[in-house]
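There's a structure below that I have some questions on.
Here, each number is a calculation from the coordinates, and none is a lab measurement. It should be emphasised that the depicted structure is a prediction, and the values quoted were computed from it without experimental measurement. We place every Cβ from the backbone using ideal geometry, glycine too, and count neighbours over all the protein chains shown.
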């Protein structure tokens, strides 16, 4: 594939890097030596699964940017739609709605598990989760359950970077010690983990204790105090573990039994990532609230939403006291909604959800030989283009690679040496754009295999 843009070089390139080094604060990275071997890449153009940087290198995007560029990079039709919308109206004043916002709300509702749902638009995933938490607690108040305020979530999950969202995972990548006490009333249960079996430790696989842990937590806290449970259908932060087929139906039954609002965080899972439009479809569950963002526009513009089932939304009808008094400045932004409409059109016209299913199966098959490496403890996937390779220092003990603080940095460098742009740690997550082809999967797996071999020889 030829370069997508001319290479920036000389004084202009050095000036750009200096400006970034002086003033740009990269997310979750050191500001020193920003452009080192495993540092930040300054990219200029992208098409499909490929990204070009200013130094003339071409990269394979292993993670769809940040789990979001589902339709692939460089879709000019989205740029055209956004431009056209902004020429008409780029922001709708208070107490108004634009046609494209109404159209996208209807479109998302038609795709969701509850076709009568209402869509509360926000700017991104963290806001979507914050909105869902407030909505669930407000819902309980509106139906007379005024003592319900606690939220149950799964330890080690990631639901966003705001304070409440950070609290849901028990700290996660943002340690509580850095930011003071976590959100009060947050209760943590175990994740489903078929590899390490932290909760379901019996021989032969999952015993559903990981799901029944929810009921134990509800009873321990007191059912009259619990407002909601939240979890990703397939948790990205915990390492892409596909749950037992009865896990989510069991979770849903428990929530219904005790009057707990079920929130499915599909910020990463939704819009084709798992081979279904929504991951909840794999288990035929109907969440009370679903959070989405990222792939709703495939990252072309910021957007997010809390999808409220009819049962939830109707609790906010019937008078001033029942209004959901919550405001997000850029929620339902017309330009973002225009991007969302075209994004969904592309997904439909190119049948990218089906391609995700088919290419996901092919990817999972191609990843299996990696288990022969001495440092590959597990290969996970099989539901769409969402997979993971877990690295260990010892297969018998499952000791993590991160036991050596320098190992993850070294792995990142090795992956980049082989043209792979993404994340690396104990788990290498894999989530390429849904437009990927078999040849591109072959290219990626070959480069990944080479990278793991080099890492293996250095341990």
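Between residue 79 and residue 365, what's the calculated FRET efficiency when r is the beta-carbon distance and R0 is 51 Å? Round to 0.05.
0.90
Could I have the simple spin-label model distance between residue 216 and residue 115, label points 7 Å from Cα toward Cβ, reported in nm to one decimal?
It works out to 4.1 nm between the two label points.
For the stretch 251-364, place one equal point scatterer on every Cα, skip the solvent, and apply the Debye formula. What is log10 of I(q)/I(0) at q = 0.16, 0.21 Å⁻¹?
-0.89, -1.22
Expressed as cubic angstrom per residue, what is the convex hull volume of the alpha carbon set of the stretch 14-100? Before the final figure, lay out the partial values.
Numbers: hull volume 15.4 nm³, N = 87.
In the stretch 14-100, the Cα hull volume divided by residue count equals 177 Å³.
Cα gyration tensor of the stretch 168-327, axes a ≥ b ≥ c as square roots of the eigenvalues: rounded (a/c below 1.5), prolate (a/b > b/c) or oblate?
rounded
Once every Cα of the stretch 116-196 carries one equal point scatterer and solvent is ignored, give the base-10 log of I(q)/I(0) from the Debye formula at q = 0.14, 0.24, 0.27 Å⁻¹, two decimals.
-0.54, -1.17, -1.27
Another question, then. Give the value in nm², to one decimal: projected area of the alpha carbon convex hull of the stretch 201-294, averaged over all directions. Don't skip to the answer; put the middle values down first.
Details: hull surface 25.9 nm².
Averaged projected hull area, Cα only: 6.5 nm².
Sorted by mean Cβ packing within 10 Å, highest first, what order do the peptides 121-129, 70-78 take?
Working: 121-129: 25.3, 70-78: 20.0.
Packing order, densest peptide first, comes out as 121-129, 70-78.
Under Stokes-Einstein, with the Kirkwood radius over Cα pairs standing in for Rh, what whole-number D in µm²/s applies to the stretch 294-424 at 4 °C and 1.567 mPa s?
Values: Rh = 19.2 Å.
Here the translational diffusion coefficient equals 67 µm²/s.
Whole number please: convex hull volume per residue, Cα atoms of the stretch 18-175, in Å³.
Dividing the Cα hull volume of the stretch 18-175 by its residues yields 205 Å³.
Using 0.36 nm per residue, how much length does the chain from residue 24 to residue 198 gain when fully extended, once their Cα-Cα distance is taken away?
Numbers: separation 174, 0.36 × 174 = 62.64 nm, distance 3.99 nm.
Once the chain is fully extended between residue 24 and residue 198, it gains 58.6 nm.
Oh, and also: Please compute the Cα-Cα pair-distance distribution of the stretch 45-88 with 10 Å bins starting at 0, giving whole percents from short to long.
26, 41, 27, 6
Using the Cα atoms as the points, what is the convex hull volume per residue of the stretch 180-244 in Å³? Don't skip to the end; give the middle numbers.
On the way: hull volume 7.1 nm³, N = 65.
Looking at the stretch 180-244, the number lands at 109 Å³ per residue.
On full extension of the chain, what length is gained from residue 42 through residue 90, given 0.36 nm per residue of separation minus the C-alpha to C-alpha distance?
14.4 nm
First check a/c for the stretch 253-318, with a ≥ b ≥ c the square roots of the eigenvalues of its C-alpha gyration tensor; if it is under 1.5, answer rounded, and if not, answer prolate when a/b is larger than b/c or oblate otherwise.
In terms of gyration-tensor shape, oblate.
Still on this structure: Hey, what D do you get for the stretch 308-379 in µm²/s if you plug the Kirkwood alpha-carbon radius into Stokes-Einstein at 20 °C and 1.002 mPa s?
124 µm²/s
Which value at 222 nm does the chain reach when only helices count, each DSSP H run of 4 or more adding -39,500 (n - 2.57), with the total divided by all residues and rounded to the nearest 500 deg cm²/dmol?
Mean residue ellipticity, 222 nm, calculated: -11000 deg cm²/dmol.
Packing-wise, with mean Cβ within 10 Å as the measure, how do 356-369, 285-298 rank, highest first? Don't jump to the answer; show the numbers that get you there.
Values: 356-369: 19.1, 285-298: 27.3.
Answer by packing, highest mean first, reads 285-298, 356-369.
For Cα pairs less than 8 Å apart in space and 6+ apart in sequence, what is the mean separation divided by the residue count of the chain, i.e. the relative contact order in percent?
Worked out over the chain, it gives 20 percent.
Now for a separate question. At a Förster radius of 35 Å, what calculated FRET efficiency corresponds to the Cβ-Cβ distance of residue 284 and residue 396, to the nearest 0.05?
On the way: r = 38 Å, r/R0 = 1.09.
Approximately 0.35, to the nearest 0.05.
While we're on this one: How many percent of DSSP beta bridges within the chain run antiparallel, rounded to 5? Provide the component values of the computation, followed by the final result.
Details: 27 of 43 bridges.
Of the beta bridges lying entirely in the chain, close to 65 percent run antiparallel.
If you don't mind, there's one more thing I want to ask. Normalising by the residue count of the stretch 181-339, find the relative contact order in percent from Cα pairs under 8 Å and 6+ residues apart. Before the final figure, lay out the partial values.
On the way: 210 pairs, mean separation 23.9, N = 159.
Relative contact order here is 15 percent.
Counting every Cα pair in the stretch 212-256, what percent are over 16 Å apart? All intermediate terms of the calculation are to be shown ahead of the outcome.
Numbers: 430 of 990 pairs.
Of all Cα-Cα pairs in the stretch 212-256, 43 percent lie more than 16 Å apart.
Run the numbers for residue 12 and residue 141: contour at 0.36 nm per residue of separation, minus the present Cα-Cα distance, in nm.
40.6 nm
Another one. Please compute the Kirkwood hydrodynamic radius over the chain, one decimal place, Å, based on all pairs of different Cα atoms.
By the Kirkwood definition, the hydrodynamic radius is 23.1 Å.
Another question, if that's okay. Looking at the calculated P(r) for the stretch 81-160, what percent of the C-alpha pair distances fall above 14 Å?
Of the Cα pairs, 76 percent sit more than 14 Å apart.
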